[in-house]
Amino acid sequence: TQRGAFDFALVSCAAVRRVDGSVRLVLGGVGAAPWRIPPSIEEDVASGGLDDDSIDALAARALFYRAASEADEKPWDARKSYEAGFALWAEILKRYPMMLDDQTSPEIHDHTRSYRRILGQLDVPFDPKTFVLRDLLDKHE
């Protein structure tokens with residue numbers, strides 16, 4: 001099919017492997033400017049150590065970053081970005097429930113607070129009983 005005039009990627013990734021073997025990764029569409037992936041992750045990619053779960057976690061974080069940048073101007077889009085990020089984290093936490101006890105858990109919980117604020121702006125009620133990361137909420141509240 002032919003691409004439409006307004007078809008575009010929601011998130012993009014540019015990657016380069018240099019002659020010395022190092023890797024640089026940059027995400028587009030997650031903020032006002034391109035966002036470089038942390039060097040530690042670039043090193044994992046260069047060594048072949050980035051697994052599917054790590055990629056999912058990066059994608060979820062990119063969605064959270066995007067949601068935060070959309071919050072003021074586009075709260076409906078921010079809501080969708082947060083919900084997609086929470087769905088990815090729910091899958092990861094289903095496979096690795098011990099992550100509820102590591103440093104990632106408070107970070108995700110901070111995003112749930114931002115998400116609730118956005119729902120408040122949109123006059124949409126938040127139901128913790130049906131929230132996809134209910135276990136995380138129970139742990140932190």
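The values are calculated or read from the model by the stated rules, or taken from the named source; none is laboratory data. Being a predicted model, the structure only gives us computed values, none of them experimental. Glycine gets a Cβ as well: all are built from the backbone with ideal geometry, and neighbour counts include every protein chain shown. For accessibility, only protein heavy atoms count, side chains too; no ligands or nucleic acids. Shrake-Rupley method; radii C 1.70, N 1.55, O 1.52, S 1.80 Å.
Please report, ordered by residue number, the helices (runs of 4 or more DSSP H) entirely within the range 25-110 with at least 2 residues that are at pLDDT below 85 and more than 30 Å from D138 (Cβ to Cβ). Before the answer, list the steps.
On the way: elements: 39-47, 52-70, 75-95.
Fully inside the range 25-110 and qualifying: 39-47.
Being open to solvent by 40 Å² or more (accessible area, probe 1.4 Å) and either of a type in the set (S, T, Y) or within 16 Å of the chain's Cα centre (by Cα) (or both) is not true of R24.
Just one of A78, A87 is open to solvent by 40 Å² or more (accessible area, probe 1.4 Å), in contact (Cβ under 8 Å) with a residue 40 or more places away in the chain and touching a helix residue (DSSP H, G or I) at 6+ places or on another chain (Cβ under 9 Å); which is it?
Numbers: A78 fails: open to solvent by 40 Å² or more (accessible area, probe 1.4 Å).
Exactly one residue qualifies, and that residue is A87.
Considering the range 120-138, the residues that are touching a helix residue (DSSP H, G or I) at 6+ places or on another chain (Cβ under 7 Å) and part of a helix (DSSP H, G or I) include one that is surrounded by the most Cβ atoms within 10 Å (Cβ to Cβ), namely L136. Residue count for the range 27-55, restricted to those that are open to solvent by less than 80 Å² (accessible area, probe 1.4 Å) and under 21 Å from D77 (Cβ atoms): 7. When L93, L133, L122 are screened for being in contact with a Pro (Cβ under 8 Å, 6 or more places away or on another chain) and in contact (Cβ under 8 Å) with a residue 40 or more places away in the chain, only L122 passes.
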